[in-house]
Structure formats: C-alpha cells, structure tokens
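The values are calculated or read from the model by the stated rules, or taken from the named source; none is laboratory data. Since we're looking at a predicted model, the values are computed, not measured. Don't worry about glycine lacking a Cβ; one is built from the backbone with ideal geometry, like all the others, and counts go over all protein chains shown. Side chains included, ligands, DNA and RNA excluded: accessible areas come from the protein's heavy atoms. Shrake-Rupley method; radii C 1.70, N 1.55, O 1.52, S 1.80 Å.
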Amino acid sequence: MKKIPLFTTIISVVVVLVLSAFVVIVPHNANHYPLVTELYDGSANIVSAIYLDFRLYDTLFEVLIFSIAIVGVSMYASRVKESGKILADNSSLINFDLLFLSVVIILFGLYTVLTGHLQPGGAFSGGAITASGIVVLTMALGSEKIHKVVERSKLEWFENGVIMIILSYVMFADIPGGFFSPGFSIGNVGDFLSGRGALLLNGTIGFKVFVGGWLIFYEFSKRKESL
Amino acid sequence: MMEPNLFLSMIVFGIGIVIMVLKRDLVIKLIGLGIVETAVTLSFVVVSHNGPLPPILTLPIDRVDPLPQAMIITSIVVGFAVLALSLVFVVYLSIVYHTTDSYKLQKRIKRDEQ
C-alpha cells in the first residue's frame with residue numbers, strides 16, 4: 001500500500017530533476033517594463049509599477065483571495081473552543097525591550113509601505129512586517145489587552161472596507177487608451193509623490209495585509225491550547 | 001550548459017513533494033507544501049536573474065527581470081492565505097477526530113459515515 005506512492009514520487013522527482021538539468025536560461029532583454037514604467041508610471045520600483053499599475057487586476061484578485069481566506073479562518077476558528085492566552089513576562093526589562101522592539105518593527109513596516117514605490121518593499125511585505133510587530137507587541141503586553149483592541153475596533157469591517165477603495169480605484173481610474181489611474185500625476189522618478197496611485201494603493205493594500213495578518217494571529221492565539 | 005541554481009531549487013521542490021506524499025501527519029504535509037512554495041519562489045528568482053542589481057529604475061541597466069518578481073509576490077501572499085486556512089481546517093479536524101494522522105482520519109471519517 002505504502003510502496004506505490006513512494007515509487008511514483010521518486011519517479012516524478014527524478015523526471016523533474018532530469019528535465020531541469022536541460023533548462024538553459026539565456027540572458028534576455030528585460031527592459032520592456034522599465035521603459036514603460038519610466039514613460040507611463042513613474043515609480044522607481046519597477047515591481048511595484050507592475051503589480052499596482054500594469055497588472056492591477058492580478059493584485060485585486062490576490063487581495064480578494066486573501067480576504068476570503070481571512071473570512072474562512074474566522075469562520076472555522078469560531079467553531080473551535082477558545083483556550084489559552086499569552087501572558088506578559090514578569091520581568092519589566094524584557095517587557096520594555098519587547099515594547100521598544102515592537103514599536104521599531106511597526107514603524108519600519110509603515111516606512112516600507114509608504115516608500116514601496118521608491119525602493120524594495122511595498123504593500124505586502126510592509127503589511128506583513130507591521131503585523132509581525134503586533135505579534136511582538138502582544139508578547140510585551142499580554143494577549144488580553146491586544147485582543148480587546150481587535151474586539152472593540154471591529155477590525156474585520158475595516159479590512160473589508162479597504163477592498164471597496166481598491167475596487168472603486170480599479171473601476172473609476174481605468175480610462176480607455178491608458179493604463180490605470182491617469183488622473184494621478186506621474187511625477188519625477190524618485191519623488192515621494194510619484195507613481196500615479198502607488199501611494200494610495202500601497203497604503204490601502206498594506207493596511208489590509210496588516211489587518212489580515214493581525215486577525216489570523218488573533219484567531220490562532222486565542223485558541224493556542226487547542227492545537 | 002546546465003543551470004545549477006535551478007537544479008538545486010528543483011531538489012528542494014522534490015524534498016517538499018516527498019514530504020507531502022509520504023508523511024502521514026497533516027501539519028508535516030503543510031510544512032512540505034511550504035517547502036514546495038519556497039522552491040517555486042527560488043526557481044522564479046533564478047529565471048529572472050538577468051544582472052546583479054535589483055529592479056529599481058534609478059539604478060544602471062544591469063537589473064534583474066522585474067516581471068517574475070511581481071508574479072511571485074502574488075504567489076507568496078496566496079500561499080500564506082492558503083496555509084492559514086488549511087491550518088484552521090487541521091485544528092478543526094483534530095478537535096473533531098482527535099488526530100492529525102491522515103490515515104486514521106480517513107478511517108474515522110469512513111466509520112462515521114457508515
């Protein structure tokens with residue numbers, strides 16, 4: 001019974017390895033997107049220009065998938081009994097250090113989100129960094145205080161409201177004959193206010209990923225004894 | 001000429017596939033899925049390598065191809081979402097059937113259906 005999957009797995013892995021041994025990567029002309037970015041978008045970060053401008057539909061549906069996953073996590077986690085909580089450490093020095101570290105991480109995440117169109121980084125990585133800052137903050141203050149914030153502020157409503165902003169951007173900013181958001185200025189490459197809607201979209205998607213990561217952490221940490 | 005980095009990423013891919021197929025524990029299967037995703041990311045990075053510099057417009061022209069990197073951002077976020085969702089399913093299953101072993105789960109689900 002167990003030998004058949006073993007045999008087929010080994011065969012398929014060997015086939016993949018043999019095929020990959022024959023792949024040749026030729027140095028290619030990768031300057032189409034940089035040229036178009038310089039002309040039509042104005043972001044210094046070409047990857048950001050691609051996923052926030054030329055391929056915005058990809059990003060839109062990616063954000064929708066993320067949002068659906070968070071709804072699924074909240075729904076199925078509500079069927080599991082709540083158990084266990086994260087307590088703050090007794091040592092005030094460790095608590096202070098964790099608090100300091102979390103503030104630094106959150107600020108760095110915000111910086112990564114806001115300068116996503118100028119340098120490596122962007123909405124998704126910045127949102128993930130900020131959410132991990134919240135994890136450290138929970139370790140510093142204990143889960144009761146942080147979980148109260150989630151419950152009182154109704155974060156999932158904000159998280160879904162942000163989708164409306166992105167949707168309306170996609171719907172109203174697409175004027176025939178151009179790429180997305182001709183209403184926003186291209187600006188000079190390297191300026192903070194450049195890259196058309198990059199700042200708006202980075203901010204909204206970064207906030208969404210941040211809240212999504214926080215909600216996933218909230219649902220799991222509330223039930224950490226159930227695992 | 002063979003591309004050694006791509007070959008290495010495919011070896012990582014194979015390790016993930018072997019873990020996913022052969023291990024019976026659902027959590028370990030998910031770890032294997034994570035390894036496969038990492039291998040795919042790695043192979044895209046290898047394919048996009050077209051120069052030593054990152055894809056920033058202000059840098060000289062020896063930049064990597066930006067398109068695979070933009071694609072892989074999608075893959076990473078979707079992978080994260082799928083991982084979180086499947087972990088919740090594993091927690092729920094382990095509470096209902098008291099195991100994360102896939103063979104035992106199959107047996108217990110069959111027994112419940114009868």
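Laid out as a table, the results:
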{"item": "Compactness relative to 2.2 N^0.38 Å, alpha carbon Rg of the range A:43-222", "result": "1.14"}
{"item": "Label-point separation in nm, A:Thr8 to A:Gln119, each point 7 Å along Cα→Cβ", "result": "5.0"}
{"item": "Chain pair A, B: total accessible area buried, heavy atoms, 1.4 Å probe, Å²", "result": "4200"}
{"item": "Shielded by partner chains, the range B:40-63 residues - at least 50 Å² of accessible area, 1.4 Å probe, vs chain alone", "result": "B:Asn50, B:Ile56, B:Leu57"}
{"item": "Chain B: DSSP helices with Cα axial extent of at least 18 Å and average Kyte-Doolittle hydropathy no lower than 1.0", "result": "B:4-22, B:26-48, B:66-97"}
{"item": "Percent RCO, i.e. relative contact order, over chain B, from Cα pairs under 8 Å lying at least 6 residues apart", "result": "23"}
{"item": "Cα-based reach from B:Lys29 at 19 Å (exclusive), listing aspartates and glutamates while leaving out same-chain residues under 8 positions away", "result": "B:Glu37, B:Asp101"}
{"item": "Residue-by-residue Karplus 3J(HN,Hα) for the range A:184-189, coefficients 6.51, -1.76, 1.60, Hz, glycine and proline x", "result": "8, 7, 6, x, 8, 5"}
{"item": "Occluded residues from the range A:46-69, i.e. those whose accessible area drops by 50 Å² or more once the chain is not alone (1.4 Å probe)", "result": "A:Ile46, A:Val47, A:Glu62, A:Phe66"}
{"item": "Taking chain A and dividing mean pair separation by its residue count, relative contact order in percent (alpha carbons under 8 Å, at least six apart)", "result": "30"}
{"item": "Carbon/sulfur fraction of accessible area - the protein assembly as shown, other protein chains in place, 1.4 Å, %", "result": "71"}
{"item": "Listed residues A:Ile11, B:Ile11, A:Ile216 arranged by accessible area, highest first, probe 1.4 Å", "result": "A:Ile11, B:Ile11, A:Ile216"}
{"item": "Positive-end residue of A:Phe96, B:Phe80, B:Tyr103, charge dipole of the protein assembly as shown with Cβ unit charges", "result": "B:Tyr103"}
{"item": "For the range B:77-93, residues shielded by at least 30 square angstrom of accessible area compared with the chain on its own, probe 1.4 Å", "result": "B:Val77, B:Val78, B:Phe80, B:Ala81, B:Ala84, B:Leu85, B:Val88, B:Phe89, B:Val91, B:Tyr92"}
{"item": "Links that overshoot a 27 Å alpha carbon limit, given the list A:Lys3/A:Lys81; A:Lys148/A:Lys208; A:Lys81/B:Lys104; A:Lys85/B:Lys104", "result": "A:Lys3/A:Lys81; A:Lys85/B:Lys104"}
{"item": "Computed magnitude of the charge dipole of the range A:36-123 (debye, nearest 20; Cβ of K, R +1, Cβ of D, E -1)", "result": "420"}
{"item": "Accessible area per residue, Å², chain A with all protein chains present, probe 1.4 Å", "result": "53"}
{"item": "Probe 1.4 Å, protein heavy atoms only - accessible area per residue of the range B:4-113 in square angstrom", "result": "52"}
{"item": "Three-way shape call for the range B:4-113 based on the alpha-carbon gyration tensor, with the a/c threshold at 1.5", "result": "prolate"}
{"item": "Gyration tensor verdict on the protein assembly as shown (Cα atoms; rounded if a/c is under 1.5, prolate if a/b is larger than b/c, oblate otherwise)", "result": "oblate"}
{"item": "Residue-averaged 222 nm ellipticity for chain B, from DSSP H runs of 4+ at -39500 (n - 2.57), nearest 500", "result": "-26000 deg cm²/dmol"}
